[in-house]
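Worksheet for the structure shown next.
The values are calculated or read from the model by the stated rules, or taken from the named source; none is laboratory data. All values reported here derive from a predicted model rather than from experimental measurement. Because the Cβ atoms are built from the backbone with ideal geometry, glycine has one as well, and the counts that use them run over all protein chains shown.
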């Protein structure tokens, strides 16, 4: 069993990071993402589809979900990190860095040639784990649809 189906867990005190999708509090994830700057107004069904198509990492204090991240990947060459958050009440405890370290330590993501992400304000966190600005931005192209969920 590999990829989206293999469950991995990491523990630190009262906190657990798990890739078990059945533990995810999808309502809480939707609520956070719908209020975020990057997915404002995202419909619940879109969140559910994104979870089903990704390798997801839930961050829990006891049984309460306090953070989330997902990786969109082919498990061979490429990964895109998305929807990373830790609740405001749980920030400044090193949990986001631990979440990132756990994601990068996942055995099914080892040896990928490229990781990418987009962030407006979390550059210091991602630099700590090895992300850098684009070495060749002239090679990267994108299509964006601002306000896609506000229609």
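Here is the figure for segment 120-151: residues that are touching a helix residue (DSSP H, G or I) at 6+ places or on another chain (Cβ under 8 Å) and surrounded by fewer than 12 Cβ atoms within 10 Å (Cβ to Cβ) total 1.
For segment 40-62, how many residues meet the condition of being assigned to a loop (DSSP other than H, G, I, E, B), at negative phi and either in contact with a strand residue (DSSP E or B) (Cβ under 7 Å, 6 or more places away or on another chain) or surrounded by fewer than 16 Cβ atoms within 10 Å (Cβ to Cβ) (or both)?
Keep residues of segment 40-62 that are assigned to a loop (DSSP other than H, G, I, E, B), which gives 40-43, 53-54, 62.
Then drop every residue that is not at negative phi, which leaves 40, 42-43, 53-54.
So of that shortlist, the ones also either in contact with a strand residue (DSSP E or B) (Cβ under 7 Å, 6 or more places away or on another chain) or surrounded by fewer than 16 Cβ atoms within 10 Å (Cβ to Cβ) (or both) come out as 40, 43, 53-54.
Within segment 40-62, residues that are assigned to a loop (DSSP other than H, G, I, E, B), at negative phi and either in contact with a strand residue (DSSP E or B) (Cβ under 7 Å, 6 or more places away or on another chain) or surrounded by fewer than 16 Cβ atoms within 10 Å (Cβ to Cβ) (or both) number 4.
Quick one: would you say residue 15 is over 18 Å from residue 126 (Cα atoms), surrounded by 14 or more Cβ atoms within 10 Å (Cβ to Cβ), at pLDDT 95 or above and in contact with a helix residue (DSSP H, G or I) (Cβ under 7 Å, 6 or more places away or on another chain)? When the stated conditions are applied, residue 15 passes them.
The one condition from (1) assigned to a loop (DSSP other than H, G, I, E, B); (2) at pLDDT below 95; (3) over 19 Å from residue 127 (Cβ atoms) that residue 92 does not meet is (3).
Pairs meeting the criteria (first residue in segment 77-93 and free of Cβ contacts under 8 Å to residues at least 24 places away in the same chain, second residue surrounded by 14 or more Cβ atoms within 10 Å (Cβ to Cβ), beta carbons under 9 Å, at least 6 apart or on different chains) are 89/66; 93/15; 93/86.
Kindly indicate whether residue 138 is farther than 17 Å from residue 36 by Cα and outside any loop (DSSP other than H, G, I, E, B). Yes; evaluated as a whole, the condition is true for this residue. Against the test of being surrounded by 10 or more Cβ atoms within 10 Å (Cβ to Cβ) and over 22 Å from residue 9 (Cβ atoms), the options 95, 117 yield a single qualifying residue, 117. Among the residues of segment 16-33, the ones that are touching a residue at least 24 places away in the same chain (Cβ under 8 Å) and part of a helix (DSSP H, G or I) come to 7 in all. Of 49, 70, 114, 44, all but one fail to be modelled with pLDDT of 95 or more and in contact with a helix residue (DSSP H, G or I) (Cβ under 6 Å, 6 or more places away or on another chain); the exception is 44.
Within segment 98-118, is there a residue that is under 13 Å from the mean Cα position of the chain (by Cα), in contact (Cβ under 8 Å) with a residue 24 or more places away in the chain, under 24 Å from residue 39 (Cα atoms) and part of a loop (DSSP other than H, G, I, E, B)? Checked against the condition, which is being under 13 Å from the mean Cα position of the chain (by Cα), in contact (Cβ under 8 Å) with a residue 24 or more places away in the chain, under 24 Å from residue 39 (Cα atoms) and part of a loop (DSSP other than H, G, I, E, B), segment 98-118 yields at least one hit. The criterion of being touching a strand residue (DSSP E or B) at 6+ places or on another chain (Cβ under 7 Å) and free of Cβ contacts under 8 Å to residues at least 12 places away in the same chain holds for residue 9.
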